[in-house]
Each structure stands twice: as C-alpha cells, then as structure tokens.
Amino acid sequence: MTKKERLHRLLEKIPAHVTLVAVSKYHPADLIQEFYDEGIRVFGESRPQELKEKQQLLPKDIEWHMIGNLQKNKVKYIAPFVHLIHSVDSLGLLKVIEKEGQKNKRIVPCLLQVKIATEESKAGLSKAALIELLTDAEYVQMEYVQICGIMGMATHTPDSKQVQAEFRKLKQIYEEVKHDFFSDKDHFQHLSMGMSNDYQLAIAEGSTLVRIGSAIFGDRD
Ligand SMILES: *Cc1c(COP(=O)(O)O)cnc(C)c1O
C-alpha cells in the first residue's frame, strides 16, 4: 500500500465530527508537505523547537497542535502560533502559558491532560487535581488561556476492554467538567483521545480529536 492509500483508508474510518491530528513528530518537513498536498491541515508535534522550525518551513494555513510533555521554559517557542496545546497538566504550566499569551497578545487554547492509564510513565492530572486546578483563584482570573477540553492516553495493552473502560471514564470526566465548569462556554468542546492502535475504540467512546502518527507516517526512528 502506498502512503497515499494508507492515509485515505484511515480517513474513511474517521467520522466527520472527529478531527484527525496527524502526528508528524520526528518526521521531516518534506514528508509533512506530502500529506499537506493530500489535504491534511492539522498536524501534531511533541517537541516545541521542532514544532517551531516546521511551522516556519511549511504552509501558514497548517494548524499546529502540541501533544507531548511541555516544559515551562519551552512555551515561548510555540505561544505565538500554536492552535491547541493538548498536554497541560499543572497550574504552574498554565501560569507560564498565560504569561506568554499576554506577551503575544493572543489567547492560547489548551486541553487539560488527565491520567487514565495505569502506567507510571504516563502524565496527567488525577480527577481531584483537575477539579482543584479549575477552582484555583489564580486560574479563574486568567485571560489568555482558554480551556477547550480534556485529553488522555489509554494504557498500552492488547486488552481492548481495559482501553475501552479508560476512554469511557475519560468521557465521563469530560462531561462532568463541562457541566460543572463550562456549561455556558461553547469553546469547551474537545475530547482528545485515541492514537494509531486505539483510535476506533476512542471514537466509539466519544473522542472528538484523534492523534494518529505511525498509522499515517509509518514507524518513527
Ligand atoms: C506520539 C504520540 C501520539 C501518536 O502515536 P501513534 O501511536 O504513532 O499514533 C499520540 N499522542 C501523543 C501524546 C503522542 O506522544
């Protein structure tokens, strides 16, 4: 199968209400351009400097999403243009995003990352920490961060029942938070879950943004 065929077969499995974030991390700009030429406009990267370099090289109508662990001192590289940061997992990071948003005079859309997986290595807020953040006085006053939804990663396991249960739990948290904190906010509308090996389960459980890398670009080095 060619790259093009692989992409178009994947696109057929993604319903219209779900946005594909093509995860292009570690892949060169010319490969991203090939997928751009096939109509893809939303790309995700996990390293801020790499994201900035690619943004400078590639067409300006691409929406760049930051999907990986984000260090505070690197927010400055992406704050001027990033379309959505998926991976906010602390008040401290939000404070830096607020400051960089203010500097750039732009509102920075963010998702809060919630931990649903059992692996220690996976990042994210517990549900209690999420509620604590959303009720924090400093957060409530922020003007340049806009929380647009929730993101999570399921455990890497062949047990699809477990993955499904984790996605279902994340969807529940999303609905609860939307009801309790954002019921009058239309911009709170994203549930980012699902990757190459579990996106179909994620879509069935209510994902609105799937982050797919290897199923599009092939294996990363
Ligand atoms: C790399 C990455 C993905 C894409 O993973 P694939 O398995 O290649 O689809 C999705 N989300 C995050 C947070 C990632 O770091």
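Only the coordinates and a few stated rules stand behind these numbers; no lab work does. These numbers come from a predicted model, not from an experiment. In this analysis, Cβ positions are derived from the backbone assuming ideal geometry, glycine residues included, and neighbour counts consider all displayed protein chains.
The helix-based estimate of mean residue ellipticity at 222 nm for the chain, built from -39,500 (n - 2.57) per DSSP H run of four or more residues and divided by its residue count, is -11500 deg cm²/dmol to the nearest 500. Could you tell me which of rounded, prolate or oblate describes the range 129-221, using a ≥ b ≥ c as the square roots of the eigenvalues of the alpha-carbon gyration tensor, with rounded for a/c under 1.5 and, failing that, prolate when a/b is larger than b/c and oblate otherwise? Since a/c reaches 1.5 and a/b is larger than b/c, the shape of the range 129-221 is classed as prolate. Remark: for residue pairs LYS3/LYS74; LYS99/LYS122; LYS76/LYS185; LYS54/LYS74, the C-alpha separation exceeds 21 Å in LYS3/LYS74; LYS99/LYS122; LYS76/LYS185. Of all the options VAL42, VAL140, VAL21, the one that moves most in a Gaussian network model of the chain with Cα springs shorter than 10 angstrom is VAL140.
Here's the list of aspartates and glutamates a cross-link from LYS115 could span, going by alpha-carbon distance under 19 Å and ignoring same-chain residues fewer than 8 apart: ASP89, GLU132, ASP159, GLU166, GLU175, GLU176, ASP198, GLU205. Using a cut-off of 20 Å between Cα atoms, the listed pairs LYS52/LYS105; LYS103/LYS178; LYS25/LYS127 include LYS103/LYS178; LYS25/LYS127 as exceeding that distance.
Across ALA117, ALA16, ALA129, mean-square fluctuation computed from a Gaussian network of the chain (C-alpha pairs under 10 Å connected) peaks at ALA16. When you filter the trypsin sites (Lys or Arg not before Pro) in the range 1-68 for DSSP loop state and at most 10 other Cβ atoms inside 10 Å of their Cβ, you are left with LYS60. Other residues within the sphere of radius under 14 Å centred on the Cβ of VAL96, judged by their own Cβ, net out at +2 (K and R +1, D and E -1). The packing ranking, built from the mean of other Cβ atoms within 10 Å per residue, places the peptides 118-124, 34-40, 195-201 in the order 195-201, 34-40, 118-124, highest first. The GNM of the chain, with springs linking C-alpha atoms under 10 angstrom apart, assigns the highest mean-square fluctuation among GLN71, GLN189, GLN113 to GLN71.
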